[in-house]
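The values are calculated or read from the model by the stated rules, or taken from the named source; none is laboratory data. None of the values given here were measured: they were computed from a predicted structure. Please note: Cβ atoms are built from the backbone with ideal geometry, for glycine as well, and neighbour counts cover all protein chains shown. Only protein heavy atoms, including side chains, enter the accessible area calculation; ligands, DNA and RNA are left aside. Shrake-Rupley method; radii C 1.70, N 1.55, O 1.52, S 1.80 Å.
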Amino acid sequence: MNLSISKQEWLYILKCSLGAVICYWLYEAFPQYPFFWSLISVVLVISPENDKKLAYIRMEGNFLGSAIGLLAFFLPLPTAIVLCIGISLTIITGLLFKLYASLRTAVAATVIVLFQEKEAHSWEVALQRVGCVVIGCIVGFIITVVFTRLGKLRKRVS
């Protein structure tokens, strides 16, 4: 077992922690909205490689899954069946558009939007979750872009 952590791995820890702190601040500042879902999407978007393209791909998956989850929410069927339909539609759509790298993220977003407690089953909750997932994606993407630019700037200065 290797116990050393590389500089890139420390940066990944820092980026994920920063994203979590920002999303947690949103959760505390706006308790009426489910910003805890932003915490999940922010860490799904951020990658150890500090790769903007990978962050974009993961955002794409979150957007796809959130949109399909919101559409599937309105199906007048039991939740378990809607979850299966939503997951299936997300995978099929991702495959049709050749979004292979973002499928897992897309499915996770679909589940986040669709899975609701029985007491809170409303389209408003689903829409709030979509918004929170998107905000988490944006936070993660901004963090990735900032760290990428700082890395390039640091290389120029060296």
Rounded percent of accessible protein surface that carbon and sulfur make up, the range 96-158, 1.4 Å probe: 67 percent
According to a simple spin-label model (label point 7 Å from Cα along Cα-to-Cβ), what is the distance in nm between S6 and Y100? 2.4 nm
Cα-based convex hull volume of the range 35-122 per residue, rounded to whole Å³: 86 Å³
With Cβ to Cβ distances under 10 Å as the rule, what net charge do the other residues near T105 carry (K, R +1; D, E -1)? +1
Using a probe radius of 1.4 Å on heavy atoms only, what accessible surface per residue do you get for the chain? Whole Å² is fine. 61 Å²
Name the most mobile residue of L70, L39, L95, meaning the one with the largest mean-square fluctuation, in a Gaussian network model of the chain with Cα contacts below 10 Å. L95
FRET efficiency for F115 and T93, using Cβ-Cβ distance with R0 set to 22 Å, rounded to 0.05: 0.70
What's the lysine pair count for the chain at a Cα cut-off below 24 Å, pairs eight or more apart or interchain? 15
Using only the alpha-carbon atoms, what does the chain span along each of its principal axes? Please give whole angstrom values in decreasing order. 60, 39, 33
Relative packing of peptides 128-137, 42-51 - highest average C-beta neighbours within 10 Å first: 128-137, 42-51
Using DSSP to call loops (not H, G, I, E or B), can you name the trypsin sites (Lys or Arg not before Pro) in the range 1-56 whose Cβ has at most 10 other Cβ atoms within 10 angstrom? none
Nearest-20 debye value, the range 8-155 charge dipole, Cβ charges on Lys, Arg, Asp, Glu: 680 debye
Eigenvalues of the Cα gyration tensor times 5, then square-rooted: what semi-axes does that give for the range 78-158, in whole angstrom, largest first? 34, 18, 7
Rounded, prolate or oblate, given the Cα gyration tensor of the range 1-72, with a/c below 1.5 counting as rounded? oblate
Grab the Cα-Cα distance for K52 and E124, subtract it from 0.36 nm times how many residues apart they are, and report the gain in nm with one decimal. 22.8 nm
Going highest first, how would you order 85-91, 109-115 by mean Cβ packing within 10 Å? 109-115, 85-91
